[in-house]
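These notes concern the structure reproduced below.
The values are calculated or read from the model by the stated rules, or taken from the named source; none is laboratory data. Remember, it's a predicted structure, so these values are computed and weren't measured experimentally. Please note: Cβ atoms are built from the backbone with ideal geometry, for glycine as well, and neighbour counts cover all protein chains shown.
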Amino acid sequence: MMDSELDSEHTMPPMRSLRFDSPQALYRTMPEVGIFTKHRPSEDEDALGYLERLRSSTTPEDAVTYAAFAAEPKMAISWGVDCVRMNQPNLSAEDSHLANAVLQWLEYPGHETRWHAMQGALFAPRRTPLVYLGLAVGWSGGPMAPNDPLSVPLWRTPKAVNVAVLSSIATLGLDHRSVSLARVLDLAAGLFRIY
């Protein structure tokens with residue numbers, strides 16, 4: 001049997017979808033999430049339970065914010081892409097180009113694809129949900145540019161994903177926003193079931 005055949009027979013370990021095992025750990029380690037959410041997790045609350053409590057609160061947008069911060073960057077960005085595509089199926093040419101750059105990074109995560117998505121976002125003519133997803137990719141880890149050793153704060157990517165998802169909902173008419181929010185949170189719940 002050849003080495004490539006052996007490699008294809010090995011099962012890859014599951015990819016972790018959440019940054020932390022509990023919402024309390026998230027709020028302790030990344031306190032910036034508390035700036036953007038009204039509610040706080042209780043000590044005995046698990047990740048999915050907290051998401052559902054936020055979802056049924058008077059500020060269900062907090063559930064979107066929590067999901068963006070709780071998910072691993074790649075998972076959060078993938079969820080963000082799904083949300084934006086669901087809410088804005090007809091993208092402009094600029095947004096389509098940026099969506100392709102983000103999708104390319106999701107499929108081939110590396111410095112080159114990350115920098116390409118970031119560059120498209122930085123030079124976009126207007127700030128759309130896809131632009132924020134391009135920024136989220138750029139801030140997801142590693143150097144900001146080939147010769148730039150500066151690291152990005154951990155909260156930058158989830159904040160950009162949060163803005164992308166919430167602004168995609170905001171582009172819809174008032175009569176469609178609650179349905180869209182429910183769909184977005186249904187997609188988010190999937191992340192919390194596989195960690």
Original post:
Mind checking which residues of region 92-127 are closer than 11 Å to Ser140 by Cβ and basic (Lys, Arg)?
Top reply: Arg114
**OP:** Answer yes if at least one residue in region 42-49 is more than 17 Å from the chain's Cα centre (by Cα), in a loop (DSSP other than H, G, I, E, B) and closer than 16 Å to Tyr132 by Cβ, and no otherwise.
**Re:** no
**OP:** Could you tell me which residue of region 27-41 is nearest to Ala68 (Cα to Cα), considering only residues that are charged (D, E, K, R) and part of a helix (DSSP H, G or I)?
**Re:** Glu32
Original post:
Where in region 108-183 are there helices (runs of 4 or more DSSP H), lying fully within it, with 2 or more residues that are at pLDDT 90 or above and exposed (fewer than 15 other Cβ atoms within 10 Å of the Cβ)?
Top reply: 111-122
Subject >> Residue satisfying condition, being more than 24 Å from Gly110 (Cα to Cα) and either hydroxyl-bearing (Ser, Thr, Tyr) or modelled with pLDDT of 95 or more (or both), within set Leu91, Leu54 >> reply: Leu54
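Residues are listed down the side, and each one gets a yes or a no for (1) closer than 17 Å to Asn162 by Cβ; (2) surrounded by 15 or more Cβ atoms within 10 Å (Cβ to Cβ); (3) at pLDDT 70 or above; (4) over 18 Å from the mean Cα position of the chain (by Cα):
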site	(1), (2), (3), (4)
Asp3	no, no, no, yes
Ser8	no, no, no, yes
Pro13	no, no, no, yes
Arg19	yes, yes, yes, no
Ala25	no, yes, yes, yes
Arg28	no, no, yes, yes
Lys38	yes, no, yes, yes
**OP:** Taking the options Ser92, Ser78, Ser151, Ser96, name whichever one is closer than 21 Å to Val33 by Cβ and over 17 Å from the mean Cα position of the chain (by Cα).
**Re:** Ser151
Original post:
Which residues, counting only those in region 83-107, are of a type outside the set (Gly, Ala, Ser), in contact with a Leu (Cβ under 9 Å, 6 or more places away or on another chain) and surrounded by 16 or more Cβ atoms within 10 Å (Cβ to Cβ)?
Top reply: Cys83, Val84, Asn87, Gln88, Leu91, Glu94, Asp95, Leu98, Val102
Subject >> Conditions (1) over 21 Å from Leu181 (Cβ atoms); (2) touching a residue at least 24 places away in the same chain (Cβ under 8 Å); (3) of a type in the set (Val, Ile, Thr); number of the one not met by Val152 >> reply: (2)
